[in-house]
Every structure is written in structure tokens, then in C-alpha cells.
Amino acid sequence: MSEFWSKTRRFFYKTKYFWVKLLVTLLTMLIVAVLSFVLIKSLPGDVVHQYALNLQNTLKVPYEEAYATAVRMLNYDPEQNIFSAFMTYLGGLFRGNLGQSIYLEDVTANSIIADYLPWTLLVSSVSLLLSFVIGTMMGVRMARKRNGATDTVCTGVITVTGAVPDYLLGVILLMVFGSVLGIFPTYGAYDLATVGHPWEYFVSILHHAALPIITYTIAQVGGWALMAKGSAVAVLGDDYVNAAVLRGLPPRLIERRYLKRNAMLPLVTSLVISLAYLFGGSAVMESVFAYPGIGRAFTTYIGKRDYFVVQGLFLFLSFFIILANLVADFLCGLLDPRVRER
Amino acid sequence: MKERFVGIFKAIGRFFVKLGNAIKRGVVCAARATGRFLANFWRSFRAFCGMIYSNKKAFAGAIILILFAFLAIFGRLIFPYDDKTSFADMYLKPSGEHWLGTDGMGRDLFDMIIHGTQDVMSIAIFTAFFTVGFGVLMGIISGYAGGWTDRIIGLISNVFMSLPQFPILLILSMFITIRDNFTLALILSVFSWPGLARSVRSQIMSLKERDFIQICSVMGVGRVHIIFTELLPNIMSFVAINFISSMKNAITASVGMMTLGIALFEPTNWGAIIVSARNSGAFAIPAARLCIIAPVVAIMLFQIGAILFSNGLDEAFNPRLRKN
Amino acid sequence: MGQDFIASFRNMTIDYVMKKTSLRAVNDLSLDIHRGGITAFVGESGSGKTTAVSALLQGISSPGKIVEGKVIYYGDEGEVDVAALKGEALRRYRWEQVSMVFQASQSTLNPLMTIYDQFYETAYYHGAVRSKEAFNKRLEELFDMVKLDVNRVRKAYPHQMSGGMKQRVMIAFALLLEPKLVILDEPTTALDVITQKYIFNQLMEINKRLNVTFLLLTHDIGIVAKAADYVAVMYAGSIMEYADVYTLFGKKLHPYTRGLINSTPSIIRSASEISPIPGMPPDIRNLPEGCPFGPRCPSCSERCRAEKPQLKEYAPGHWIACHLYGGEEA
């Protein structure tokens, strides 16, 4: 028995890094939930009452029953004290109910995510992949031949693309390729006429997504390139790479196991985190392209002052980012033995 | 009885004399510290200017930034802006009278952009000021104090960093009406300080371990004194870099908010020019495209200046990046 | 030649070529290195000893280049022109014939791999792994040699070890493939005195037992006197004096050698006898016209200022570059 305990203790001590991270993550999530709850709490109290009255009319049920349904759908009961109200709220979240629209009965935060997220994911994951691959290749090449022509040209291009905010780049591209040249559509995610024809539908989706993807890619490529360059330069300057060369290891092995692995390490973390930010989409970008992504939905419901939906979406996005941070930390710990023992 | 009164008076007198002495000592001390801080500051400022002059990138960036600052301050005097609208002059082509043509309401585009410089710059500078002030303060506190203070500030900044920034700005806009640049700047900076605080903290941590700071604390020099005269000048270049880059980010974010229509704005703000041109269908009218291109170029130019300046500074002060 | 010597430098000149200027790090260096002994290169930092010796591994850090002369290694299959080696031949030559304990040993291990993996990888790519068991046995033997606990070290990552341990790991690493020549570049600078002494005793023992040639680079005269068989004194990229350790320390002929020895504290000498060499270490960007040591030399003459002395054999096995001992002819 005592051996079991000491083993367990050793296990926990060895994996201390992970547990600490996990704890911090849960704490952060709790804080975000509290913030979100505060948002609801600061609403005028009769929102639930109004909603219950609506329900009473549409469902033809007594007020008490309507009120109970309202509380269940909105995750919030203004008549409870603050603590039990919070518990009600958390309970609702655990049931997977992120929030109900107060204006439309069949719209919830969940349904909005299901409707809009795929479009955001399509555009942002493709562009993230493209920009990451192109950017890191550029960065490593720049690091290899520092102060060469490639480096100078790339740095110039990156400075200019980095200087234009992504959505303004979108505006310019939209103007040139959408309005002036008419190559790409200027709004929407697909052509309504193509629904029902799988092939045309597919092409139409790609056609509509092309301009946002190009914009995102151009906007992000510079950042990845600079990050990859910095990381690769640091690794190239490290003694162990040179030592590996003098140890007579094959060049390809050094490239793979010493250069790339060590240089990619800091980038993996960033990649995971930007993947999470993708879920949020870019509200401005999507509004520029009139693209039906999650960011645009967010803006729309903010405009409608549909508080319960807004807080649900907010919670979803935050949780994703927080979880991605955790995953990034774990990955970092798995890949880098130095981090684990901090 | 009388003696007692005299005694009390004497005690009170002594107290005031002591207080006076203490204050005098404090003032002298503070004056000395300020003097030394200013001297240090002036010395590092001059070294800073020398660095900028010797680095091509930083120099080019500095010139662009100074140009914008100049336009922001004196632009309105040199190119007076006339906000009279006349639809007869709508979307005129560039000419001697209207250097960049006119916008959808017949106003001179060039004058609008010059006029808007002040608005854009003030948002950027306010935001950068708040961000850097708060970030540096938090960074210094948590780096210098360590322990639980450090941990709590770390957790707070962790929370702020893992919140999606734009959605929060949107949510805040439901509750707070952004009426002036000051509020806008305050809101923008709320979410940009944690990153800076983190890096200042690590800078302070590593500075703390350096010999000269150790010697200072061994010699019994006060904490505040160490912070002001030794630590701050040492992270000045770092702070300058961050000031410039948060200006850059503030412009990106503020124009973005205008695009979404969350923040109120002056009609001459560059973002506002773009938004109103877009909303009035400038895409379709060839002559109106300048109304979008011109402010974008203005923003781009400023951002390039900011990037060059901060990269140049980074290169000049960070020996690892220096080209051999 | 190959019997007595293991490697030779022939009129080797190394320049650091930059955009505008070039620095002469090593100037016309010629030397034969005795097989089996410990040859020490002594000199202040910046005297070019690391640059000169790393030519043996074709490891001169860029932008350094051999602009003149040759480095020759006498292997089992005859002479090898090291600078001309390429590709697979170079790869196999490195570490199998010549290995090195680097100056900054602390950071020459990959931080993301365990010690075992790094050793295994190197052995594997040099075809030195016959079986896992044999390799493990070899590892045990090596770590035993440097007095490290194999079970503690093999699974460790570099950051989990102390400086002294890493240094010993690096020594074991250098011996892994049983090379003929091992370069020890300041192998003990990062260590405390006790560990230093300990490691040197081990190194000397290994040298005698395995018949490996050691090239010891250091600025520590005490270590040289204790460990080395032959000593080459370097100054500003040139060899000033070369002899076996007894001759060199016994005669103290060259003014720079004398200066070096006299500036080292010792137990048997009183502190007042320590005299530092006057002047500043040389700036290789602008060396004087004649003898590089001239400006700091107590017996510098008109001739020294005008003409650079060549390295000449003053007595059998005792080479010296100084006008004081060069005979009459120029």
C-alpha cells in the first residue's frame, strides 16, 4: 500500500509540469465563465420575465412552467441569489447549452456555431496551412543565406505586407479582383443557384473562398517567415549544430534532427494557438468579404443586442483558445525536455 | 500647569522640527534621485539618438514617424480643411485644386487625410501610452516583487491573454459607448498590456541578476531608486520599441472597429474615409477608388515607418540580430 | 614520417575573410605533432591556437579559410590532406580519426536528445555499433574511464547535468570511436580546481593507456607543465617557440615564453617575483611590421622592429622564432 502511494507521488511529481498547467487552465476557464456570467448578471432583470411571457403565449402553458423553461433555456434565474444563480449557469453549460437567443426561438449559440463555424474553418485552416508552409520555408531559406538577395527581397516584401492591416489588404484585393477585374465574387460563401449540383456547388464554394484565403495567407505569411527565420538563426548559431557537423554525422540527419527539430519547436506552440484563434474567425475580415463565418455572426448578434447568444459564442471562443494554450504547453513539454522540469 | 503646557508645546515643536527635517531630507533625496534619473535618462537618450542615426532602418523609420507627427501637429494650419459638402463636386478627379480629388460629398481628399492625421495619431499615441505605462508598471512590479504578487499578476495577464480580444471589444461596445479617442484608447490598451508586462518582467528578472544591480542592493540603495535610476534606463530601448509597435497595433484595431461601426469617429479619420467610401459604393465608381487607396497608403506608410523604426532599434540594441 | 608524427601543419596561413577586410588569424605555421604524446598549444586567447588546430577537423569557423599551406594527417593508409577531404570521406575521417572536446563544451550537446541517443547516433553513423549489448558495454567502459555513473548519465538530458559532468561526458564522447588524435580545447576552464586536477589525471592516464595523441589547447601554464610532453607557444597567429616540456621550461629562451612563465603564480615562488607581461595583448587587425611580440618585448632591437623572425631549429627538437637566437644570417 505504502509503495503504491510513493509510486503515485513520484508519478505526480514527475509530471508536475502538466498538472500545474492543467490547474491554471481550469482556473482561467472558471474566471472566463465568471466574466461571462457577470455579463448576464448586469442585464436588466426582466429579460427572463419577458422571455417567459413570450413562451407562455406561444406554448400556451401556465406562467410558472414557462418561467421554468425560460430559466432552463437561458441558463439564468434572476431570482436566485448570486451563488446559486452561478451554479444554475454552470449547470446549463455542462448540459452543453451555451445560450438561447431571446428573439428567435430556434436559434441558440450552439446552432449558430454549427451553421457558421464550418465556413470560418474552411477559410482559415486552408490559409493557415498555406501561410505556415510558405512562411517557414521562406524563413529557413532567409536564415540560411543571410544578407543575400533572397533575404533582402523577402524582408522588403514582409515589411510591406506587414504594414497593411489584413482587412485593408482584403478591401484592396476585393476592389481589384472583385470589382475592377471581376474575377472573384465580392460577397457570400457560395452561389445559391448551385445548390443541388454537387460539383458546381463545390466549385462555387472554392470560388467564393479564394479571395479571403489569399488575403489571409498574404497577411500571415510574413509573420511565420520572420518567426521561422529568428528561430533558425538562433539554432544555426548554436554550438551543438557545429559540433554535430564535426562529429561526422550525415548532413541530412543534422538538417532533420538538429536544425529543423530545434528550430520548429517555438513555432509549434504558435501554430496551435493560432489554430485556436482561427475558430474565432476575424470579425472584420468576414465583414469585409461579407463571408458568413463565426466572426460575422458574432458581430451581427452584438448588433442585435442578443446577449445570451453573444455570451455563449464568447465562451466558446475563449474556451477554445484556453484549451489550445494548454495543448500547446503540453506539446512543448513533450517535445522539449527542458520545459518539463521548470 | 503652565510647565505642562510648555512641555506639550515643546513636544509639538520638536515634532514639527523633526517632521520638517524629515521632509527636507525626503525632498533633497527625491531631488537628488530625480536629478540622477534625469541625468541617466539624458545620457541614455543621447546614446539612443546616436544609435538611431547610425542604423539606416531606424533612421528611415524615424524620419517617416517625425513627418507624421509634424503633420498631426501643424498639418491643420498648413492645409486648412473645409468640411463644407457639395454634391456637385462629388468624386472629382485629382487636379491642381484638389490634389487627390474629392470624396463622395465633394470634400477635398488630400485635406481630409491631412486633417485626419491628428485624430489617428492621437488614438495611436494615447493607446500606446496606456499600454506601455500599464504594461511596464505591471512588469516591473511582478518582476521586482516576485513571489505571490508575481504569480497573481501572471494569472491575470494569462487570463487577459487567453481571451479573444476582438470579441471582447465588441462586447464592451454593447455596454460602453465610445465617444472620444481617450475612451477608445483606454479600451484598446486593456488587452494589449499583458504581453508587454510579460516581457518587461523577464527583462527585469534577468537585469536583477546582473552584477551592478546586485551591487546596488548590497550597498543598500533603495528599491525605488534602483528601479528609476538603474532599471528603467536599461529597458528604455525595449520600451521604445513597444511604444511604436503598440501605436501600430492601435491603428489597426481602431480602424477595424470603425469598419464594424463600433467606435464613433471623426469623418476625416482615415478609417472613416475608407468605410464611408465603401458604404457609398466606391468600388463601382472608378474615380472614387482613390478614396480607398489614399487612406490605405497613408496607413501603410505610417506602419512601414513604425516597423522600420522598431526593427532598426531592435537591431541596434540587440547584438544577436546585428549584422556582421 | 608517419611513424613518429601523427599530423603536420605545413606553412599554414588562415585568414578570416570579411567583406572589406581580412584578418590573419594564423600566420605561416609549420609544425609536426608527435604521435602518442600530449602536445600543448599555449597562448593568450586570440592567439589563433583554436583556429589553427581546428583545421585538423576541417572545422575552422566561417569566414575563416586556409589561404596557404596544408594540414596533413598520417593515417593507417598514408598521408591525408585534410583540407582536400570531401563528402563521405570527410565525414568518416571526422571523429573516427580525429575528435575534439570543444571549448564551449557546455552547449555542444543537443538539448532535445538524451546523452545515450547522441552517443548511439554518432556510433551508428560511423558504423561502430555491432550490437546493442556491445555498444552498451562500450558506453559503460567509457563512462567508467571518466568516472561517471553510466546509469545516471545515459538517460539524462544535457540540462540535467552539472558543468563538470557535461565536460566529462564530452571527453567520453571524444573517445567514443577510439580516434588516434583528440583535440582538447580548454577542457577544464569551466571547472573548479579540484575537478580540473582530477580530469587531468584521468586524461594523462588515458593518454598512456590507449596510446591516443592529445592536442591540448590552454593558456594555463601550470597545466602544461604538469601534463604536456611537447609545448608550442603561440603568439598572434605564429609559433614563437616549440620544444619538449623540459627544455622549454628549463631554458626559458624566448622572451615571450619567459614572460608567460614568470607571470604565473606558483607555490614555490614568492608573489613579488610574479611579473606580468607589460603592454596589451596583440591586436591582429594591425600587427607590427617586424616581430609581433616586439612592442612588449624587453629585449627588442632595431632588427626585431624591421624584420619578422622565422621559426628555426636552435637545437635538435628545439625550435624558436627570435632574433636573439637565430644566429647571424638574416
Principal axis lengths of chain C from Cα atoms, whole Å, largest first? 67, 48, 41
B:Arg76 versus B:Ala11: modelled label distance in nm, points set 7 Å from Cα along the beta carbon direction: 6.1 nm
Between B:Gly135, B:Gly256, B:Gly281, find the one with the highest GNM mean-square fluctuation for chain B; connect C-alpha pairs within less than 10 Å. B:Gly281
Kindly provide the helix-only [θ] at 222 nm of chain B, computed as the sum of -39,500 (n - 2.57) over DSSP H runs of four or more divided by all residues, to the nearest 500 deg cm²/dmol? -25500 deg cm²/dmol
Under 1.5 on a/c is rounded, so check that first for region B:115-192, then, if it is not, pick prolate when a/b is larger than b/c and oblate when it is not; a ≥ b ≥ c are the square roots of the alpha carbon gyration tensor eigenvalues. oblate
Cut-off under 5 Å, modelled amide H: who pairs with C:Gln310 long-range: none
Under-5 Å amide H pairs with A:Gly99, H placed in peptide plane, nonlocal only: A:Ala109, A:Asn110
How high is the FRET efficiency between A:Ser2 and C:Arg10 when r is their beta carbon distance and R₀ equals 56 Å, given to the nearest 0.05? 0.20
Whole Å is fine, so just give me how far the alpha carbon centre of region A:266-342 lies from that of region B:168-193. 20 Å
Compute a Gaussian network model of chain A, connecting alpha carbons closer than 10 Å, and tell me which residue from A:Tyr13, A:Tyr63, A:Tyr187 fluctuates the most. A:Tyr13
At 7 Å along Cα-to-Cβ for each site, give me the label-to-label distance between A:Ile134 and A:Ile183 in nm. 1.2 nm
Past 25 Å, Cα to Cα, is the threshold; run A:Lys14/C:Lys166; A:Lys7/A:Lys260; B:Lys208/B:Lys248 against it and keep the listed order. A:Lys7/A:Lys260; B:Lys208/B:Lys248
With Cα atoms, 0 to 90° folded angle of helix A:149-163 axis to chain A main axis: 20 degrees
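Restricting to DSSP H runs of at least four residues, report the calculated mean residue ellipticity at 222 nm for chain C, -39500 (n - 2.57) per run over all residues, nearest 500 deg cm²/dmol. Don't jump to the answer; show the numbers that get you there.
On the way: 11 runs with 103 residues, N = 330.
Value at 222 nm, helices only: -9000 deg cm²/dmol.
Given contacts defined as C-alpha pairs under 8 Å and at least six residues apart, what's the relative contact order of chain C, whole-number percent? Kindly include the intermediate steps, with their values, before the conclusion.
Numbers: 565 pairs, mean separation 64.8, N = 330.
Result for chain C is 20 percent.
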Could you check the spin-label model distance between B:Lys56 and B:Leu301? Points 7 Å from the Cα along Cα→Cβ, value in nm. 2.2 nm
With runs of 4+ DSSP H residues as the only contributors, calculate the mean residue ellipticity of chain A at 222 nm using -39,500 (n - 2.57) per run, divided by the residue total and rounded to the nearest 500. -25000 deg cm²/dmol
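Based on DSSP H assignment, which helices of chain B show an axial Cα extent of at least 27 Å together with a mean Kyte-Doolittle hydropathy greater than or equal to -0.5? Walk me through the numbers on the way to the answer.
On the way: long enough: B:2-54 (76 Å, 0.37); B:56-78 (31 Å, 1.95); B:109-145 (52 Å, 1.39); B:236-260 (36 Å, 1.14); B:290-317 (40 Å, 1.75).
Qualifying helices, which must be both long enough and hydrophobic enough, are B:2-54, B:56-78, B:109-145, B:236-260, B:290-317.
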Dipole magnitude of the protein assembly as shown about its Cα centre (Cβ charges: Lys, Arg +1; Asp, Glu -1), debye to nearest 20: 2520 debye
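Just want to confirm a number: the relative contact order over chain B, from Cα pairs under 8 angstrom separated by 6+ residues, in percent. Present the calculation step by step, with values, prior to reporting the outcome.
On the way: 381 pairs, mean separation 81.9, N = 324.
Answer for chain B is 25 percent.
State the antiparallel share, in %, of DSSP beta bridges confined to the protein assembly as shown, rounding to the nearest 5. Mind showing how you got there, number by number?
Values: 34 of 53 bridges.
Close to 65 percent.
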Which FRET efficiency, nearest 0.05, do C:Lys208 and C:Thr21 yield, Cβ-Cβ r, R0 51 Å? 0.65
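For each pair in C:Lys49/C:Lys312; C:Lys132/C:Lys226; C:Lys86/C:Lys147, compute the distance between the two Cα atoms and list the pairs where it is over 28 Å. The partial results should precede the final answer.
Working: C:Lys49/C:Lys312 20 Å; C:Lys132/C:Lys226 39 Å; C:Lys86/C:Lys147 36 Å.
Over 28 Å Cα-Cα: C:Lys132/C:Lys226; C:Lys86/C:Lys147.
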Estimated FRET transfer efficiency when R0 is 56 angstrom, pair C:Lys312-B:Ile66 (beta carbons, to 0.05): 0.30
Of the candidates B:Ala22, B:Ala272, B:Ala47, which one comes out as most mobile in a Gaussian network treatment of chain B with C-alpha springs shorter than 10 Å? B:Ala22
If you line up the long axis of helix A:63-74 against the longest principal axis of chain A, both from Cα atoms, how many degrees apart are they, to the nearest 10? 0 degrees
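Compute the signed sum of charges (Lys and Arg +1, Asp and Glu -1) over the other residues within less than 12 Å, Cβ to Cβ, of B:Ile153.
Values: positive: B:Arg151, B:Arg198, B:Arg201; negative: B:Asp150.
So the environment of B:Ile153 carries a net charge of +2.
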Cut-off 14 Å between beta-carbons: net charge of the residues surrounding C:Gly317, Lys and Arg +1, Asp and Glu -1: -4
For region C:1-87, run through the trypsin sites (Lys or Arg not before Pro) and keep only the ones in DSSP coil with at most 13 other Cβ atoms within 10 Å of their Cβ. C:Lys19, C:Lys20, C:Lys86
Other residues with Cβ under 13 Å from the Cβ of C:Leu216 give, with Lys and Arg +1 and Asp and Glu -1, a net charge of -2
Kindly express, to the nearest 10 degrees and within the range 0 to 90, the angle between helix C:193-210's C-alpha long axis and the longest C-alpha principal axis of chain C. 80 degrees
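Every number here is computed from the coordinates shown, using simple stated rules; none is lab data. Bear in mind that the values here come from a model prediction, so they are computed numbers and not experimental data. Every residue, glycine among them, receives a Cβ derived from its backbone with ideal geometry; neighbour counts consider all protein chains shown.
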